[in-house]
Each structure stands twice: as structure tokens, then as C-alpha cells.
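Notes follow the structure.
Read the figures in this text as sums done on the coordinates, not as results from a lab. Source: prediction; values computed, not measured.
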Amino acid sequence: MSNSSDANTYSPLAPAKAISKILIVDDSKTDTYVARKVAEELFDEVRSVSNVDEMFKELQTFRPDILTMD
């Protein structure tokens, strides 16, 4: 029988673990703009780069929870 005070019990009202940082990798300025606008509503920190070389440089100092690439 499940105990309601169990920390592993799922509750739709319980706060989820925060996913707060995203890195967007896209060579299209337009697509990057749109992705940033959406991401800024969902994440605390949004960064973007335009190619893989920039991505690796960014990842030296930034640890995103999510990384998107086209």
C-alpha cells in the first residue's frame, strides 16, 4: 500500500525539478530568434550559438539542462 507522504509518490500538483538552462544551436538567425522567444518563456537562462565550434566553446563554461540543434 502506498503512503501519501512517500517522496517518490507522483503528484500532479507537486513542483517538478526545474529545468532552467537551454543552449540553442542553429545557423539560421530567423530560427534562432523564434526559438529564443519561445525558450525565454520557459527557461531561466537561454543562450544561443550559430555553429558546432561555438557550441563546444560555450559548453566549456555553460552546462545547459537541454541542448537543441537543427
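Couplings 3J(HN,Hα) of region 38-53, computed from phi: 5, 4, 5, 7, 10, 10, 6, 9, 10, 10, 9, 9, 9, 7, 5, 4 Hz, in residue order, whole Hz [Karplus 6.51 cos²θ - 1.76 cosθ + 1.60, θ = phi - 60°; x for Gly and Pro].
For K21, the lysines whose Cα falls under 19 Å of its own Cα, not counting residues fewer than eight places away in the same chain, are K37, K57.
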